Amino acid sequence: MRVQLEDDTVRVRIDEDELTELLQDVALLGSTSFGMAFTMRYAIDATDADACTLSGTAHEWRMEVPRGALRELQAKLPSKDGLTFDIPGRDTVATTVRFDVDVKDSLRRRRA
């Protein structure tokens, strides 16, 4: 899993194995260390809800992605088109979540 943060956007890119894990109710866990200052821990889960949500703190957060949207994404692989969600902010602009499955990984699997 690769997580990128830029301005008000969180981009998550996973491979097909990780997508399968999500759909089997296995959370994807990751962490990023910022030198000796702190470590950011994050988890991605599938949810039966209709909306993508973020919860937690800057140091430890969880993203829940709608299972139905994940299944639709899986059905159209390989595809460059991922999922996009806008999550309202508190007195700020919305956070955009871009959720993609690695196209190169998908194409490699189909050639093998």
Added length on full extension, which subtracts the Cα-Cα distance from 0.36 nm per residue, M36 to V103: 20.7 nm
Gyration tensor verdict on the stretch 15-57 (Cα atoms; rounded if a/c is under 1.5, prolate if a/b is larger than b/c, oblate otherwise): oblate
Gain on full stretching of the segment that runs from A43 to D17 - 0.36 nm per residue minus C-alpha separation: 7.8 nm
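Let me check something: with ligands and nucleic acids excluded, how do V93, V12 order by accessible area (1.4 Å probe), largest to smallest?
Highest to lowest solvent-accessible surface, that is V93, V12.
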Relative contact order [Cα under 8 Å, 6+ residues apart], the stretch 46-112, whole percent: 24
Within the stretch 5-31: backbone nitrogen closer than 13 Å to the K76 label point (7 Å, Cα to C-beta): none
Between the stretch 2-57 and the stretch 73-92, the alpha-carbon center distance in angstrom: 13
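Rolling a 1.4 angstrom probe over the protein heavy atoms, how many square angstrom per residue are accessible across the chain?
Roughly 64 Å² per residue, with all protein chains present.
Please report the orientation-averaged projected area of the chain, defined via the convex hull of its C-alpha atoms, in nm².
The directionally averaged projection comes out at 7.8 nm².
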For the stretch 13-91: relative contact order, % (alpha-carbon pairs under 8 angstrom, 6 or more apart): 22
Of all accessible heavy-atom area on the chain, the percent that carbon and sulfur account for (1.4 Å): 45
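If packing is taken as the mean number of other Cβ atoms within 10 Å per residue, what is the order of 74-80, 19-25, 64-70, highest first?
So the peptides 74-80, 19-25, 64-70, ranked by packing, come out 64-70, 19-25, 74-80.
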Sum of -39500 (n - 2.57) over DSSP H runs of 4+, divided by residues of the chain (222 nm, nearest 500): -6500 deg cm²/dmol
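The values are calculated or read from the model by the stated rules, or taken from the named source; none is laboratory data. Since the model is a prediction, treat every value here as computed from it, not as a measurement. Virtual Cβ from ideal backbone geometry, glycine too; neighbours counted across all protein chains shown. Just the protein is used for accessible areas: all its heavy atoms, side chains included, with ligands, DNA and RNA removed. Shrake-Rupley method; radii C 1.70, N 1.55, O 1.52, S 1.80 Å.
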